[in-house]
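The values are calculated or read from the model by the stated rules, or taken from the named source; none is laboratory data. Everything quoted here is computed from the prediction, not taken from an experiment. As a convention, Cβ positions derive from the backbone with ideal geometry for all residues, glycine included, and neighbour counts pool all protein chains shown. Heads up: the accessible areas ignore ligands, DNA and RNA and are worked out on the full protein's heavy atoms, side chains in. Shrake-Rupley method; radii C 1.70, N 1.55, O 1.52, S 1.80 Å.
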Amino acid sequence: MAAPDLCPCLDALLPGEPVPTALRRLAALGFRRFEFWDWRARDLTALATAAASTGCSPVAFSANTFEEPLVDPQAHGRALAHLRQSLEVAQRLGVRLLVVHVGYTRPAVSRQAQWEAARQGLRAAGELAAAAGVTLVLEPLNSRVDHPGYFLDSLPEALRMLAEVDHPAVRLLLDIYHMRVMHDDLMQRLPQALPLVAHVHVADVPGRGEPGSGTIPWREVMDALREGGYEGAIGLECWPTGPVESALRRSVEVLAPRKAPLRQGPTSR
């Protein structure tokens, strides 16, 4: 995998750095794609200008926030209003993937009621996204370390939700870090999930550092993605364990495709 196939997250790797400076740093290392979280605090004109001047294209950003939980039907109006704005921004920036979250569990409400609210909200969001030519990627998050109380916290639950939403514009964001925290047997679960995956995030376990800083078998992960037909970008949503440039170079080295063995010619006798 060459650097352009990797998609650093500005908010994780270069938090607070002006976008023009961040993109120049990424471009100098050979990266040509990036992603970010919430667009609302960003100068979109400056972002578009910096992207054009550096040749770095935005791949994905957040469609909604935890403040508009889809598990709460009373929040659907706000969530869909935010999504409509996000779709306009996506059109402006040429982005075709938006990340969607369902929110945190509501303690006083039954899980089934929250499930149905999330299903309906995702279905309505999918209709809006499809009309704009955008795919929503639903991201399950781990509830053991980073997001205690998050409603959709496992791969089986995410796949069941997608099956019930049953909309071509709503697919899966497979975050290897989050799902490895939740599933010791993640490698065995990947084949079932990959047909629905439209985007991938990576970070290592433990610590959420860059790939190669922990215990995840990245060669097996990348082989599984390739064998499962995944051809999209790999989002680097990790906390660098050292200088950013070093973390990015390490990520490229660890996630690079296995080199084919040299073909041996006929031996002389």
Quiz item: Roughly speaking, what is the stretch gain from A256 to D185, that is 0.36 nm per residue apart minus the C-alpha to C-alpha distance, in nm to one decimal?
Solution: 23.2 nm
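Just to verify a number: FRET efficiency for A28 and F66, C-beta to C-beta distance, R0 = 35 Å, to 0.05? Write out the running numbers ahead of the final one.
On the way: r = 34 Å, r/R0 = 0.97.
The computed FRET efficiency comes out at 0.55.
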Quiz item: Excluding ligands, DNA and RNA, what is the solvent-accessible area per residue of the chain at a probe of 1.4 Å, expressed in Å²?
Solution: 45
Practice problem: Can you give me the P(r) profile for the chain? Cα pairs, bins 10 angstrom wide beginning at 0, each as a whole percent. | Solution: 7, 29, 35, 21, 5, 2, 1, 0, 0
Quiz item: Could you give the angle, 0 to 90 degrees to the nearest 10, between helix 76-93's Cα long axis and the longest principal axis of the Cα atoms of the chain?
Solution: 40
Quiz item: At a Förster radius of 35 Å, what calculated FRET efficiency corresponds to the Cβ-Cβ distance of R144 and Q120, to the nearest 0.05?
Solution: 0.80
Quiz item: When the chain is fully extended, how far beyond the present Cα-Cα distance does E245 get from D38, taking 0.36 nm per residue of separation?
Solution: 72.1 nm
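Can you give me the relative contact order of the chain as a percent, contacts being Cα pairs under 8 Å and 6 or more apart? Please list the in-between numbers first.
Numbers: 467 pairs, mean separation 46.0, N = 269.
Reported as a whole number, the value is 17 percent.
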Exercise. Can you tell me the dipole magnitude for the chain around its Cα centre, using point charges on the Cβ only (Lys, Arg +1; Asp, Glu -1), in Debye to the nearest 20?
Key: 740
Quiz item: If you line up the long axis of helix 19-28 against the longest principal axis of the chain, both from Cα atoms, how many degrees apart are they, to the nearest 10?
Solution: 30
Exercise. Rounded to the nearest 0.05, what FRET efficiency do Q85 and S53 give with R0 = 30 Å and r taken as the Cβ-Cβ distance? Could you check?
Key: 0.75
Quiz item: Just going by the charge dipole of region 18-156, with Lys and Arg at +1 and Asp and Glu at -1 on Cβ, which of T135, H76, A50 is farthest out on the positive end?
Solution: A50
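Less than 11 Å Cβ to Cβ from Y150, Lys/Arg counted +1 and Asp/Glu -1: what total charge do the surrounding residues give? Numbers along the way, then the final one.
Details: positive: R144; negative: E139, D146, D153, E157.
Neighbour charge sum, excluding Y150 itself: -3.
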